[in-house]
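J.: Starting off with a structure, shown below.
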Amino acid sequence: MSPNDMGHGYDKMIHGLEPETEIDLGLGSTTSGASEIGTAIGAAGMWSPDALLIEHRSLWGEIWRRFRRDKFAMVGVVAIIILVLVALLAPWIAPHDPTKQYDEGLTMQGMPVGPSHEFWLGTDTLGRDLLSRLMYGARVSLVVGVLANGFALVLGVIFGLTAGYFRGATETFLMRTTDVMMAFPIILLAVALVSVLKPSIWILILVIGIVYWTPMTRVIHGEVLSIREKEFVDAARLTGCTNRRILVRHILPHLVAVILVYTSLGLATTILFEATLSYIGLGIQPPTPSWGQMISEGQSYYLSAPHLVIYPGLAIMITVLAFNLVGDGLRDAFDPQQRRR
Amino acid sequence: MSGETLVRVEDLRVHFPITSGVVFQRKVGAVYAVDGLTFDVLRGETLGLVGESGCGKSTTGRAILQLIRPTTGRVLYEGGDLANLKGNKLRQQRKRMQMIFQDPYASLNSRMTIGDIIGEPLLVHKMGSKAERKAKVRELLETVGINPNTLNRYPHEFSGGQRQRIGIARALAVEPNFIVCDEPISALDVSIRAQIINLLQQLQREFGLTYLFIAHDLSVVRHISDRVAVMYLGRVVELAENAVLYEQPMHPYTQALLSAVPIPDPEAEERRRPVVLTGDVPSPVEPPSGCHFHTRCPAAQDGLCDVEDPELKEVRPGHWAACHLITGGTYPHIRAGEDDLAVVAGGGEAA
């Protein structure tokens, strides 16, 4: 076709506008006889080495920058770091043995003593040091929270990915099962499961994981539904990727944001749930200290010794709040479109 | 152009079911996105595919490449039916045909470096060693005009035009014969469009590529295509060589479509009288009976056009049209009258 019969001005545009940063394509005479990829333009020399100096701004760097600006989230991070350190170092920094019943920990009438030089936060109903018990209780809360949440996460990602990617009958089965699970009163379900199985920390983790996989599955499923329609997934299929490769290399990396956000929010929920189960006596068994169980033991003394309820309650509240703040901060950091405070 | 058929599409239909119900889904209807397409793509040519939004152009492209499985019909690539292929056999065939996507922002995985993106086709088809693949990626980047030293960068560090070049490099990696270009320039800045078009044409000359070029911009299609197919509501209404179609369109729809193209000459533009069709494109959920275009066609004849499906027939050598009113060398000539559309009955005499 000759450019003369164009008549629509498009040829003028094609011949006229060639920004100098781009090489002159197509109209030159350099292409005679070249038939192998790469020999066509073959002028690597025209790229100036200065081009390498363009500043590299990584995606994760941007997210970190936004996250760091969020004061509330940073407070949460600091609180979590302190909590983790306390839990890890409990055997070395705890002033007393958390399970030892001290004679001097009780008054003559058998009542717990208040804060003193010896027992900083006072003692509990059996004369054990409250501060040491709180420190060891942090270990239980974190271990149960992290593992139960990790278990829920693995189930949620597997089910959500499978349902969202393969659609069809698989999706119907998995998502309707999720709906049914969500319709269950979860505390009742957990109580039933724990009372059938022998209560132990592992059973507790398993039960909380089983109860909490449903919201994760839903979130991942919804996310996968939108990602699988993106053109880069079509492109991957066209290049000959297997389903497995598409799932792992192309879809999973786009779920990282949502997984991080929901994990930190989920940690708050699982820690609270552990406390709930321990409070009703189905969680961590005595004498191992756990915050929920401590509240349960101290509640009948709440008039004479309110510190027995207040301190473990505060510990739970601060932990849950910290994870929620971090989760909210992450969500904002991953979503730059959202209006900031 | 050798005239040999590379891809043959036979009575291709893609119907998307509309379902209702939560657990047991009932089919309550269908979107007839592509409804009986037949055409050939010749080796080495560029076949333009034009039509309004929602007429099934993109669906056609995707169905040919089996990204959407056709409901019925065959897609023959060098004589072999792709619609029956599954799994590994299909993956092998995919080395022969690729696609360039419309949206350069959505078509590159933002979590992979461009080196990984372009190298992935080579990797999954186990072509060459690691070092060879890397060399090939650099070669491909140079071919499309991107600095090969940038292969460790991520897509968000590139402009729209550069991303489209990266997408083209990915498509070229497996050395395909046939590339579906799905509106490859409509998401780009006007100043970048010409460069991408030039690049596509240059690559075609160099590697002997065959293009199915989907677009709604008639001027671009005219520039790049050897032949043009016009689609309306899931069907091809006219297919002819470029010059013939633009100079002497026979189908009433094509005539209306072409009259809508603005002329970049103020005086000529002043005199231009576009044929303005009444009404909207009917819904593909309930396409009109008979000729899909009869509801808007100024020349439609009751009892014929709304009853009988027109067949896509060769009205002159190499010129195909689907219209009852094109007979024996005459065709309805649609012109814009003073107030309304006028049909000069049998006005056109096919030269």
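The values are calculated or read from the model by the stated rules, or taken from the named source; none is laboratory data. Predicted, not measured: the structure shown is a model, and the values here were computed from it. Here the Cβ is made from the backbone with ideal geometry for all residues, glycine too, and neighbour counts use every protein chain on show.
J.: Name the helices (runs of 4 or more DSSP H) wholly inside the range B:188-264 in which the number of residues that are under 25 Å from residue B:291 (Cβ atoms) and in contact with a helix residue (DSSP H, G or I) (Cβ under 9 Å, 6 or more places away or on another chain) is 3 or more.
T.: Ranges flagged: B:242-247, B:252-259.
J.: Of all residues in the range A:114-142, which are modelled with pLDDT of 80 or more, hydroxyl-bearing (Ser, Thr, Tyr) and farther than 13 Å from residue A:319 by Cβ?
T.: Matches in the range A:114-142: A:132, A:136.
Listed here are the residues, each with its yes/no results for (1) surrounded by 14 or more Cβ atoms within 10 Å (Cβ to Cβ); (2) among the acidic types (Asp, Glu); (3) touching a helix residue (DSSP H, G or I) at 6+ places or on another chain (Cβ under 9 Å).
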{"position": "A:63", "(1), (2), (3)": "yes, no, yes"}
{"position": "A:78", "(1), (2), (3)": "no, no, yes"}
{"position": "A:97", "(1), (2), (3)": "yes, yes, yes"}
{"position": "A:107", "(1), (2), (3)": "no, no, no"}
{"position": "A:113", "(1), (2), (3)": "yes, no, yes"}
{"position": "A:130", "(1), (2), (3)": "yes, no, yes"}
{"position": "A:134", "(1), (2), (3)": "yes, no, yes"}
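J.: Being over 24 Å from residue B:197 (Cβ atoms) and not β-branched (Val, Ile, Thr) is the requirement here; does residue B:58 meet it?
T.: Judged against the criteria, residue B:58 is not a match.
J.: Within the range B:152-188, work out how many residues are β-branched (Val, Ile, Thr) and within 9 Å of another protein chain (Cβ to nearest Cβ).
T.: Qualifying residue count, the range B:152-188: 1.
J.: Pairs please, first residue from the range B:225-249 and away from chain A (no Cβ under 12 Å), second anywhere and among the charged types (D, E, K, R) and part of a loop (DSSP other than H, G, I, E, B), Cβ atoms under 8 Å, 6+ apart in sequence or on different chains.
T.: B:232/B:52
J.: If a residue has to be in contact (Cβ under 8 Å) with a residue 12 or more places away in the chain and assigned to a loop (DSSP other than H, G, I, E, B) to count, how many in the range B:301-321 make the cut?
T.: Residues flagged as in contact (Cβ under 8 Å) with a residue 12 or more places away in the chain and assigned to a loop (DSSP other than H, G, I, E, B) within the range B:301-321 amount to 10.
J.: Can you find, within the range B:88-109, the residue that is surrounded by the fewest Cβ atoms within 10 Å (Cβ to Cβ) among those that are of a type in the set (A, V, I, L, M, F, W, C) and assigned to a loop (DSSP other than H, G, I, E, B)? Don't jump to the end; show me each part of the working.
T.: Step one: filter the range B:88-109 for residues of a type in the set (A, V, I, L, M, F, W, C), giving B:90, B:97, B:99-101, B:106, B:108.
In the following step, the residues that additionally are assigned to a loop (DSSP other than H, G, I, E, B) were identified as B:101, B:106, B:108.
Values: B:101: 27, B:106: 18, B:108: 26.
So, considering only residues that are of a type in the set (A, V, I, L, M, F, W, C) and assigned to a loop (DSSP other than H, G, I, E, B), the one surrounded by the fewest Cβ atoms within 10 Å (Cβ to Cβ) is B:106.
J.: If you don't mind, there's one more thing I want to ask. Filter the range B:151-179 down to the residues that are of a type outside the set (A, V, I, L, M) and not in a helix (DSSP H, G or I) and list them by number.
T.: B:152, B:153, B:154, B:158, B:159, B:175, B:176, B:177, B:178
J.: Mind listing whichever residues of the range A:298-309 are surrounded by fewer than 18 Cβ atoms within 10 Å (Cβ to Cβ) and farther than 16 Å from residue A:119 by Cα?
T.: A:299, A:300, A:301, A:302, A:303, A:304
J.: Please find, within the range B:194-218, the residue that is nearest to the chain's Cα centre (by Cα) out of those that are at the interface with chain A (Cβ under 10 Å from one of its Cβ atoms), hydrophobic (A, V, I, L, M, F, W, C) and over 25 Å from residue B:133 (Cβ atoms).
T.: Looking at the filtered set, the residue picked out is B:218.
J.: Let me ask you something else. Does residue B:338 satisfy the criteria of being at pLDDT 60 or above and not hydroxyl-bearing (Ser, Thr, Tyr)?
T.: Criteria not met by residue B:338.
J.: Name, by its number, the condition in (1) facing chain A (nearest Cβ under 8 Å); (2) among the small types (Gly, Ala, Ser); (3) crowded, with 20+ Cβ neighbours inside 10 Å that does not hold for residue B:191.
T.: Residue B:191 satisfies all of (1) facing chain A (nearest Cβ under 8 Å); (2) among the small types (Gly, Ala, Ser); (3) crowded, with 20+ Cβ neighbours inside 10 Å except (3).
J.: Please work out if residue B:59 is within 14 Å of chain A (Cβ to nearest Cβ) and either assigned to a strand (DSSP E or B) or without any contact (Cβ under 8 Å) to a residue 12 or more places away in the chain (or both).
T.: no
J.: Got a number for residues in the range B:28-56 being within 14 Å of chain A (Cβ to nearest Cβ), closer than 22 Å to residue B:284 by Cα and surrounded by fewer than 22 Cβ atoms within 10 Å (Cβ to Cβ)?
T.: 0
J.: Tell me, which residue of the range B:170-189 that is under 20 Å from the mean Cα position of the chain (by Cα) and among the aliphatic types (A, V, I, L, M) is nearest to residue B:64 (Cα to Cα)?
T.: Filtering first and then ranking leaves B:180.
J.: Now, a different point. Only one of these is touching a residue at least 12 places away in the same chain (Cβ under 8 Å), surrounded by 17 or more Cβ atoms within 10 Å (Cβ to Cβ), in contact with a helix residue (DSSP H, G or I) (Cβ under 6 Å, 6 or more places away or on another chain) and over 22 Å from residue A:160 (Cα atoms): A:224, A:211, A:219, A:194. Name it.
T.: A:194
J.: Check every one of the strands (runs of 3 or more DSSP E) wholly within the range B:1-55 and list those with 2 or more residues that are closer than 18 Å to residue B:242 by Cα, touching a residue at least 60 places away in the same chain (Cβ under 8 Å) and touching a Lys or Arg at 6+ places or on another chain (Cβ under 7 Å).
T.: The qualifying strands (runs of 3 or more DSSP E) are B:46-50.
J.: Show me the helices (runs of 4 or more DSSP H) entirely contained within the range A:235-339 in which 1 or more residues are at pLDDT 85 or above and under 20 Å from the mean Cα position of the chain (by Cα).
T.: In the range A:235-339, the matching helices (runs of 4 or more DSSP H) lie at A:256-279, A:307-334.
J.: Within the range B:322-331, how many residues are without any contact (Cβ under 8 Å) to a residue 12 or more places away in the chain and on the phi > 0 side of the Ramachandran plot?
T.: 1
J.: Can you report the number of residues in the range B:110-150 which are in a loop (DSSP other than H, G, I, E, B), in contact with an Asp or Glu (Cβ under 9 Å, 6 or more places away or on another chain) and facing another protein chain (nearest Cβ under 7 Å)?
T.: 1
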